[in-house]
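Here the structure is laid out as structure tokens; the discussion comes afterwards.
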């Protein structure tokens with residue numbers, strides 16, 4: 001099945017898989033930053049990894065906007081508002097990511113790079129947790145033809 005015809009459950013699974021991959025990249029970036037402080041890693045390599053992660057995150061957000069937003073928009077009566085909220089969150093995330101990654105790229109001392117990586121990791125882990133709680137769940141992204149019960153009954 002192509003990405004153009006993904007079922008909501010497939011979208012959910014792909015987003016969750018991407019989140020786990022992003023978390024793995026974050027862990028590797030954090031290890032690299034610690035190794036940098038200990039003299040076991042080159043600053044340029046850590047900076048390149050942070051920059052590359054920013055690109056991966058852009059692809060991930062684009063996937064969500066292309067596939068997840070339409071699915072959550074149709075999930076229930078709150079779908080359009082939920083979609084607007086996710087777009088607003090992504091705009092804020094993009095700006096925040098750019099600031100954090102540029103701080104890492106501009107950092108001169110290993111401790112500055114490590115702090116930038118820690119800030120980036122904290123922000124992304126929090127965003128992933130919130131997104132999975134509010135958007136990437138079986139209540140919203142399921143294959144049922146019937147909308148979810150918005151009144152909980």
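I'd like the orientation of helix 110-134 relative to the chain: the angle between its Cα long axis and the longest Cα principal axis, in ° from 0 to 90, rounded to 10.
Rounded to the nearest ten degrees, it is 10.
Give me the extension gain from residue 13 to residue 30: residue separation times 0.36 nm, minus the current Cα-Cα distance, reported in nm with one decimal.
Gain in length upon complete extension: 3.5 nm.
At 0.36 nm per residue, and after removing the present C-alpha to C-alpha distance, how many nm does the segment from residue 144 to residue 56 gain when stretched out fully?
Details: separation 88, 0.36 × 88 = 31.68 nm, distance 3.07 nm.
That works out to 28.6 nm of additional length.
Which residue, 126, 139, 115, has the most motion in a Gaussian network model of the chain that connects Cα atoms within less than 10 Å?
126
For a footprinting-style exposure proxy, rank 37, 12, 142 by other Cβ within 10 Å, fewest first. Kindly include the intermediate steps, with their values, before the conclusion.
On the way: 37 13, 12 23, 142 16.
Starting with the residue having the fewest Cβ neighbours, the order is 37, 142, 12.
Counting only the backbone N, which residues of segment 43-62 are under 20 Å from the spot 7 Å out from the Cα of residue 96 toward its beta-carbon?
50-62
Fewest Cβ neighbours within 10 Å first, please rank 19, 85 accordingly.
Least to most surrounded, the residues fall as 85, 19.
Got a sec? How would 144, 73 order by Cβ neighbour count within 10 Å, fewest to most?
Exposure proxy ranking, most exposed first: 144, 73.
For the pair residue 5/residue 112, report the inter-label distance in nm, with labels modelled 7 Å from Cα in the Cβ direction.
5.3
How tilted is helix 8-37 with respect to the longest principal axis of the chain? Cα atoms for both, answer in degrees (0 to 90, nearest 10).
On a 0 to 90 degree scale, this one is about 10.
None of the figures in this text is laboratory data; all of them are computed from the coordinates on show. A quick note: this is a predicted structure, and the numbers were derived from the prediction, not measured. Heads up, the Cβs are rebuilt from the backbone with ideal geometry, glycines too, and the neighbour counts pull from every protein chain shown.
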